[in-house]
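To start, the structure under review is shown below, and the notes come after it.
The values are calculated or read from the model by the stated rules, or taken from the named source; none is laboratory data. Remember, it's a predicted structure, so these values are computed and weren't measured experimentally. Backbone-built Cβ (ideal geometry, glycine too); neighbour counts: all protein chains shown. Note: areas computed on protein heavy atoms with side chains; ligands, DNA, RNA excluded. Shrake-Rupley method; radii C 1.70, N 1.55, O 1.52, S 1.80 Å.
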Amino acid sequence: MIKIYLIRHGQTQSNVDRLMQGWADTPLTPLGLQQGQRLGEQLRSVPFSKIYCSPSPRAYQTASLINVFQQTEIIPTKGLKEMHFGQLELKKEPEGKTWQQLLLRDWTDIGGNNLDIVAKQMHTTMDTIVHTAKDNTNILCVTHCFSILSFLSIIDQPFFEQCLNNDDKVENCRLTILQYEKGQYSIEAFNESI
């Protein structure tokens with residue numbers, strides 16, 4: 001069995017300002033830095049064989065804060081990137097739209113992508129990661145809210161729909177733990193703080 005720790009990056013200035021932040025980037029806030037440091041301390045006893053992260057600076061910085069206690073190679077991985085919001089990158093979130101509506105919207109008409117594209121990208125990437133991992137290891141992946149939810153939509157559609165219905169959005173520096181065994185992913189924990 002392989003255990004995968006999916007973590008959303010720490011809080012950024014765009015999160016505070018409620019800007020559409022997909023492929024664009026803003027720095028971690030002081031709280032975001034604290035979140036990463038705290039999570040690193042809390043995960044210090046979990047030996048990670050590999051640490052993967054989205055190439056976004058906010059994800060890499062969060063991975064680096066966690067890695068202070070691990071001293072493991074950090075591997076930036078394009079397939080862990082967030083949804084792209086096209087022309088709305090770093091613009092104010094549309095008024096009156098829920099995060100669920102933003103997740104389910106097709107952004108391709110304004111130069112972005114959509115849930116299906118991100119879900120397939122995440123699935124391919126996670127399959128590559130687990131197929132190159134040794135059995136009985138822990139892997140850390142620092143990624144993004146919609147990337148995590150998109151992946152869950154493929155591996156457990158009823159759970160994904162439950163997240164949408166219960167307003168369970170992935171919070172900054174929260175942990176989703178998956179198990180991978182015999183070609184199957186299962187959800188052990190979702191959106192947990194340690």
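Please verify whether the range 93-110 includes one or more residues that are charged (D, E, K, R), under 13 Å from residue 144 (Cβ atoms) and crowded, with 16+ Cβ neighbours inside 10 Å. If you could, list the steps in order and put the result at the bottom.
If we filter the range 93-110 for residues that are charged (D, E, K, R), which is where we start, we get 93, 95, 97, 105-106, 109.
From the residues that got through so far, the ones that are under 13 Å from residue 144 (Cβ atoms) too are none.
No: the range 93-110 contains no residue that is charged (D, E, K, R), under 13 Å from residue 144 (Cβ atoms) and crowded, with 16+ Cβ neighbours inside 10 Å.
Please go through the range 111-139 and give me each residue that is out of contact with any helix residue (DSSP H, G or I) (no Cβ under 7 Å at 6 or more places or on another chain) and under 12 Å from residue 4 (Cβ atoms), ordered by number.
Residues of the range 111-139 that are out of contact with any helix residue (DSSP H, G or I) (no Cβ under 7 Å at 6 or more places or on another chain), as a first pass: 113, 116-117, 120, 127-138.
Correct list: 127, 129, 130, 133, 137, 138.
Looking at the range 1-42 only, could you name the residues that are under 22 Å from residue 151 (Cβ atoms), among the hydrophobic types (A, V, I, L, M, F, W, C) and surrounded by fewer than 20 Cβ atoms within 10 Å (Cβ to Cβ)?
Hits for the range 1-42 are 1, 2, 23, 24.
When only residues in the range 148-170 that are open to solvent by less than 80 Å² (accessible area, probe 1.4 Å) and among the acidic types (Asp, Glu) count, which is modelled with the lowest pLDDT?
Top of the filtered list is 168.
So which of 32, 10 is small (Gly, Ala, Ser), in contact with a helix residue (DSSP H, G or I) (Cβ under 6 Å, 6 or more places away or on another chain), under 17 Å from residue 169 (Cβ atoms) and touching a residue at least 60 places away in the same chain (Cβ under 8 Å)?
Values: 32 fails: in contact with a helix residue (DSSP H, G or I) (Cβ under 6 Å, 6 or more places away or on another chain).
Being small (Gly, Ala, Ser), in contact with a helix residue (DSSP H, G or I) (Cβ under 6 Å, 6 or more places away or on another chain), under 17 Å from residue 169 (Cβ atoms) and touching a residue at least 60 places away in the same chain (Cβ under 8 Å) holds for just one of 32, 10, which is 10.
Does residue 188 satisfy being of a type in the set (D, E, K, R), open to solvent by 20 Å² or more (accessible area, probe 1.4 Å) and touching a residue at least 60 places away in the same chain (Cβ under 8 Å)? Walk me through it before giving the result.
On the way: of a type in the set (D, E, K, R): yes; open to solvent by 20 Å² or more (accessible area, probe 1.4 Å): yes; touching a residue at least 60 places away in the same chain (Cβ under 8 Å): yes.
Here the answer is yes, as residue 188 does meet what is asked.
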